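Reviewing the structure listed below.
The values are calculated or read from the model by the stated rules, or taken from the named source; none is laboratory data. Keep in mind the model is a prediction, meaning the values are calculated, not measured. Here the Cβ is made from the backbone with ideal geometry for all residues, glycine too, and neighbour counts use every protein chain on show. Heads up: the accessible areas ignore ligands, DNA and RNA and are worked out on the full protein's heavy atoms, side chains in. Shrake-Rupley method; radii C 1.70, N 1.55, O 1.52, S 1.80 Å.
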Amino acid sequence: MDRSAEFRRWKAQCLSKADLSRKGSVDEDVVELVQLLNGREQFFTTSSCAGRIILLDRGINGSEVQKQNCCWLLVTHKPCVKDDVIVVLKKANGDAILKFEPLVLHVQCRQLQDAQILHSVAIDSGFRNSGITVGKRGKTMLAVRSTHGLEVPLTHKGKLMVTEEYINFLIKIANQKMEENKKRIERFYNCLQHALEKEPISMTSYPKEKIKEKNNSSYTHKKKRNPEKACGKYITEENNKELENDDHDDPGISVTIFPEDY
């Protein structure tokens, strides 16, 4: 089968499926970004999370780290306050952990060149943990990820191990990371628009995007680049200093592409 035709078939199938995420819809802060990608014939998104603050209870044994086996005490894509965390912590029976998770976006690309454009924009926008994987069937995936997460245990076997003052301190840090994450998403969107304007590629109309949650094993480390090359006017000198200071379906992976200094 022709590669382009097969990619179009994959895209149509993915975007027609129901959203299987917990929320059941695309997060507000990434709707425009998802629409921009799915509106281009060479991309489609397979999963996304705009970033969130969560409180998980890992249960009595405290050794299980997989989220599907945890009790979700709190999930928010917005800044949170101490009182909300304190209230739900009373429900913890095991090891409760406060986490901030930044943007995660998985995009299937028509060809490697398309993925490289997105990868360059993602890295220069602050998502330094982004990477490309190429599967045996030719599926080219880009995972957009960042490194500014947070994970702190608060209880052990249901007993609170920290003070309320420390919880308030952690929440302030998590909220700051949430705000920085939002800025990076906006920067990524603006940079991507600028990069795609240079590409003579036609737009394709698709129905409202359907996102399904999947795990993709594509990770990279940070790489220093010239941000003006990918983002033009959208990266300022101040933004560049901030970035420098901050550190599927396819069975089997045949090639994984990382930055040179991984």
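Checked against (1) within 30 Å of Arg9 (Cβ to Cβ); (2) open to solvent by 30 Å² or more (accessible area, probe 1.4 Å); (3) outside any helix (DSSP H, G or I), Phe44 passes all but condition (2).
The selection criterion, being of a type in the set (D, E, K, R), modelled with pLDDT under 90 and surrounded by 12 or more Cβ atoms within 10 Å (Cβ to Cβ), does not hold for Lys82. Of the residues making up the range 141-193, those that are assigned to a strand (DSSP E or B) and not charged (D, E, K, R) are Met141, Leu142, Ala143, Val144, Leu150, Val152, Pro153, Thr155, His156, Leu160. Residues that are open to solvent by 20 Å² or more (accessible area, probe 1.4 Å), part of a helix (DSSP H, G or I) and under 24 Å from Gly39 (Cβ atoms) within the range 87-140 comprise Leu112, Gln113, Gln116, Ile117, Ser120, listed in sequence order.
Candidates Asn190, Asn175: the one that is within 29 Å of Leu56 (Cβ to Cβ) and either modelled with pLDDT of 90 or more or exposed (fewer than 15 other Cβ atoms within 10 Å of the Cβ) (or both) is Asn175. When Glu164 is tested against (1) charged (D, E, K, R); (2) touching a helix residue (DSSP H, G or I) at 6+ places or on another chain (Cβ under 8 Å); (3) open to solvent by 30 Å² or more (accessible area, probe 1.4 Å); (4) within 20 Å of Pro102 (Cα to Cα), only condition (4) is not met. For the range 1-32, a residue qualifies if it is at pLDDT below 85 and small (Gly, Ala, Ser), and the qualifying residues are Ser4, Ala18, Ser21, Gly24, Ser25. Residues that are out of contact with any Phe, Trp or Tyr (no Cβ under 6 Å at 6 or more places or on another chain) and among the basic types (Lys, Arg) were ranked within the range 1-20; the one that is least open to solvent (accessible area, probe 1.4 Å) is Arg9. Taken together, Ser120, Ser146 contain a single residue that is of a type outside the set (D, E, K, R) and at pLDDT below 95, which is Ser146.
Per-residue answers, yes or no, for (1) farther than 24 Å from Ser4 by Cβ; (2) among the aliphatic types (A, V, I, L, M):
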residue	(1), (2)
Phe100	yes, no
Ser130	yes, no
Thr140	no, no
Ile185	yes, yes
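Apart from one condition, Gly131 fits all of (1) modelled with pLDDT of 95 or more; (2) touching an Asp or Glu at 6+ places or on another chain (Cβ under 8 Å); the exception is (2).
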